Amino acid sequence: MSDRPVPEAASSRHPLEPAAADAIRAYAAKTRESADQLAAVLEDVAENGLPAVDACTPWEDLREAHLARLTAQRPAVA
């Protein structure tokens, strides 16, 4: 964020529809939850170090599992 004052034209805000505001709040909550999970992992690594290589899942397996989840969510095009 900048310390410069906001120009008068940019300071006027337009209210959102209640459904749009709720969707933005839901997205913010999901983003905050994801950030909290990442912060917890990073704090664990800082506290305990990196896990052993044999205890980790290869990124290729994680990628394939994620792609399979995405495919299952999206109906196939005929």
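Look at the dipole of the chain built from charges on Cβ: of 73, 41, 21, the Cα furthest out on the positive end belongs to 21. Across segment 63-71, computed HN-Hα scalar couplings (Karplus, 6.51 cos²θ - 1.76 cosθ + 1.60, θ = phi - 60°) run 4, 5, 5, 5, 5, 5, 5, 5, 5 Hz from first to last residue, x flagging Gly and Pro. Excluding ligands, DNA and RNA, the accessible surface per residue across the chain is 100 Å² with a 1.4 Å probe. Helices in the chain, meaning DSSP H runs of at least 4 residues, each add -39500 (n - 2.57). Divided by all residues, the mean residue ellipticity at 222 nm is -21500 deg cm²/dmol. May I ask for the angle, rounded to the nearest 10°, between helix 18-48 and the longest principal axis of the chain, with both axes built from Cα atoms and the value confined to 0 to 90°? Tilt relative to the chain: about 40 degrees. Labels on offer are (1) 83; (2) 215; (3) 95, and the one holding volume of the Cα convex hull per residue in Å³ computed from this structure is (2). Simple point charges give the picture: +1 on the Cβ of Lys and Arg, -1 on the Cβ of Asp and Glu, and for the chain a dipole about the Cα centre of about 480 debye. Surface listing: 67, 42 arranged by accessible area from highest to lowest gives 42, 67, probe 1.4 Å.
The values are calculated or read from the model by the stated rules, or taken from the named source; none is laboratory data. None of the values given here were measured: they were computed from a predicted structure. Counting neighbours? That spans all protein chains shown, and the Cβs are built from the backbone with ideal geometry, glycine included. Accessible surface is based on the protein model in full, side chains and every heavy atom, while ligands, DNA and RNA are left aside. Shrake-Rupley method; radii C 1.70, N 1.55, O 1.52, S 1.80 Å.
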